[in-house]
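Written below as structure tokens is the structure these notes are about.
The values are calculated or read from the model by the stated rules, or taken from the named source; none is laboratory data. Everything quoted here is computed from the prediction, not taken from an experiment. Methodologically, a virtual Cβ is constructed for each residue, glycine included, from the backbone with ideal geometry; neighbour enumeration extends over all protein chains shown.
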Amino acid sequence: MGDAEIIPLGTRGRPGRGTGRDKPSSSSRSLAGGASPAAPGAGEDTEVPTDLTDEVPAEAPAELPIEPVTDVPPTLVELDASAVDPVFGEALDEAARPPVTTTPAGVTDVPFGELLAAATRAAQVVFGEDADQKLAQLLAFLRRRVTGDYEVDEYGMDPELTERFLLELVRPLATKWFRVEVRGVENIPTDGGALVVANHSGTVPIDGLVTMFAVHETTGRSLRPLGADLVFRLPFIGELARKSGATLACNEDAVRMLSKGELAAVWPEGFKGVGKPYSERYKLQRFGRGGFVSAAIKTGVPIVPCSIVGAEEIYPLVGNIPILARLLGVPYIPVTPFFPLLGPLGLVPLPSKWIIEFGEPIRTDSYDSGAADDPMLVFNVTDQVRETIQQTLYSLLMRRKSIFH
């Protein structure tokens with residue numbers, strides 16, 4: 001195939017073919033910026049010089065009249081007319097341009113002092129009058145985290161991380177969302193070992209976190225949960241549980257913790273309680289084999305019954321997916337009215353009204369040293385604790401106006 005035909009483009013001639021002439025027409029030349037109006041007889045073709053520096057006439061063409069623009073905002077940069085080439089309408093070199101005015105008229109220097117004062121006032125409104133102190137404490141806390149200048153106990157608890165971070169995350173949930181009401185705080189010993197025994201519910205064990213916060217907020221003591229082994233096998237969750245003071249729910253760890261004067265907590269229903277269907281709410285499940293009673297008798301510490309109302313309604317459990325639960329190695333996969341139907345939105349707990357009541361302590365220091373090995377005694381004390389919690393739940397439910405009030 002031969003070379004394609006080159007067709008000069010113009011404004012006259014056949015459509016798509018141009019004029020067929022080697023030189024541009026006068027109409028083409030009139031499209032050039034700054035060209036003077038065509039003189040009479042402009043229809044005739046004239047040659048255009050190829051070297052502008054040699055063929056430019058001695059007399060420069062007259063400048064086109066420029067009408068002033070009055071609607072330009074004052075913040076725009078205004079260029080002097082001498083900074084634009086009169087022939088081609090292009091900007092001249094930077095060296096040839098006059099100074100450009102960039103500061104709008106009537107605007108003075110930025111008042112940084114006033115901006116800083118306004119930011120300080122805003123921080124005080126959000127964080128309180130001691131915002132500076134809180135910021136300094138936060139920076140010191142982060143520095144200790146980075147440098148490793150903090151302590152953990154033999155169980156892995158990090159007191160500073162628990163008080164300043166973990167419990168503070170629970171605070172808005174407990175105080176604003178669930179509006180927790182705590183009763184019977186005077187039944188918790190101010191010092192020395194004690195074992196808090198509570199009912200378990202809620203599909204997701206949030207009741208343990210809220211109880212930890214309630215005890216620390218009302219007594220200043222750290223509640224040390226005794227958790228199932230599954231909790232410590234979970235990635236990230238197990239590490240946080242250790243740092244918050246939790247330990248394995250075995251008799252040896254419980255005895256060692258209680259003998260050192262710690263305030264421990266156990267939820268004997270386990271996953272059978274937290275994963276029971278909504279139709280069985282506030283009906284306590286079996287309290288295991290009474291291992292917590294044996295640990296309390298061995299150490300002679302009191303048992304404090306704890307009844308929690310409100311946790312049953314945060315995730316109403318209406319179904320389960322056992323096949324998926326077995327594949328994942330978890331006790332159950334919950335199905336609620338909102339999950340998994342609404343996806344992540346279904347994970348938001350319902351704002352039920354919570355009441356936590358600590359009952360009168362059950363003393364164990366009157367038993368002899370071998371009583372912990374007596375199965376009938378352990379069973380009787382276990383049944384006493386369970387019945388106390390169950391009756392307290394019924395009483396609290398009668399006092400509560402509704403699920404959300």
### Query
Since Thr190 meets every condition but one in (1) part of a helix (DSSP H, G or I); (2) of a type in the set (Ser, Thr, Tyr); (3) surrounded by fewer than 16 Cβ atoms within 10 Å (Cβ to Cβ), which condition does it not meet?
(1)
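Quick grid of which residues meet (1) crowded, with 17+ Cβ neighbours inside 10 Å; (2) small (Gly, Ala, Ser); (3) within 21 Å of Ala214 (Cα to Cα):
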site	(1), (2), (3)
Ile321	no, no, no
Gly329	no, yes, no
Pro337	no, no, no
Pro340	no, no, no
Pro344	no, no, no
Ser352	yes, yes, yes
### Options Gly261, Gly288: the member that is out of contact with any Cys (no Cβ under 6 Å at 6 or more places or on another chain), over 16 Å from Asp207 (Cα atoms), outside any helix (DSSP H, G or I) and modelled with pLDDT of 95 or more
Gly261
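Please specify each residue of segment 346-391 satisfying the condition of being among the charged types (D, E, K, R) and more than 42 Å from the chain's Cα centre (by Cα). If you could, list the steps in order and put the result at the bottom.
As a first pass, look at segment 346-391 and keep what is among the charged types (D, E, K, R): 353, 357, 360, 363, 365, 368, 373-374, 383, 386-387.
Once the filter is applied, which keeps residues that are among the charged types (D, E, K, R) and more than 42 Å from the chain's Cα centre (by Cα), segment 346-391 yields Arg363, Asp365, Asp368, Asp373, Asp374, Asp383.
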### Query
Would you call Ile403 touching an Asp or Glu at 6+ places or on another chain (Cβ under 8 Å), assigned to a loop (DSSP other than H, G, I, E, B) and either surrounded by 12 or more Cβ atoms within 10 Å (Cβ to Cβ) or of a type in the set (Phe, Trp, Tyr) (or both)?
yes
### Query
When segment 138-186 is examined, which residues are found to be in a loop (DSSP other than H, G, I, E, B) and over 23 Å from Arg400 (Cβ atoms)?
Gly148, Asp149, Tyr150, Glu151, Val152, Asp153, Glu154, Tyr155, Gly156, Met157, Asp158
### Task
Output the residues belonging to segment 384-405 that are without any contact (Cβ under 8 Å) to a residue 60 or more places away in the chain and either over 14 Å from Glu360 (Cα atoms) or in contact with a strand residue (DSSP E or B) (Cβ under 6 Å, 6 or more places away or on another chain) (or both).
Ser395, Met398, Arg399, Lys401, Ser402, Phe404, His405
### Task
Find the residue count for segment 291-315, including only residues that are farther than 26 Å from Val381 by Cβ and modelled with pLDDT under 95.
0
### Task
Please work out which one of (1) assigned to a helix (DSSP H, G or I); (2) more than 22 Å from Gly227 (Cα to Cα) is the condition Lys298 fails and give its number.
(2)
#### Entry: Residue in segment 273-285 that is nearest to Glu360 (Cα to Cα), counting only those that are in a helix (DSSP H, G or I) and more than 31 Å from the chain's Cα centre (by Cα)
Glu280
#### Entry: Flag for Lys272 being in contact with a His (Cβ under 9 Å, 6 or more places away or on another chain) and surrounded by fewer than 23 Cβ atoms within 10 Å (Cβ to Cβ)
yes
### Query
Does Arg326 count as in contact with a strand residue (DSSP E or B) (Cβ under 9 Å, 6 or more places away or on another chain) and among the basic types (Lys, Arg)?
no
### Message
Being farther than 21 Å from Ser307 by Cβ and modelled with pLDDT of 95 or more: is that true of Gly193 here?
### Response
yes
### Task
Say whether the condition of being over 21 Å from the mean Cα position of the chain (by Cα), surrounded by 15 or more Cβ atoms within 10 Å (Cβ to Cβ), modelled with pLDDT of 95 or more and not in a helix (DSSP H, G or I) is met by at least one residue in segment 205-221.
yes
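Run down Ile308, Ile362 and say which single residue is over 23 Å from Asp253 (Cβ atoms), touching a residue at least 40 places away in the same chain (Cβ under 8 Å) and touching a strand residue (DSSP E or B) at 6+ places or on another chain (Cβ under 7 Å).
Ile308
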### Message
Please count how many residues of segment 321-365 are more than 30 Å from Leu377 (Cα to Cα), not small (Gly, Ala, Ser) and not in a loop (DSSP other than H, G, I, E, B).
### Response
12
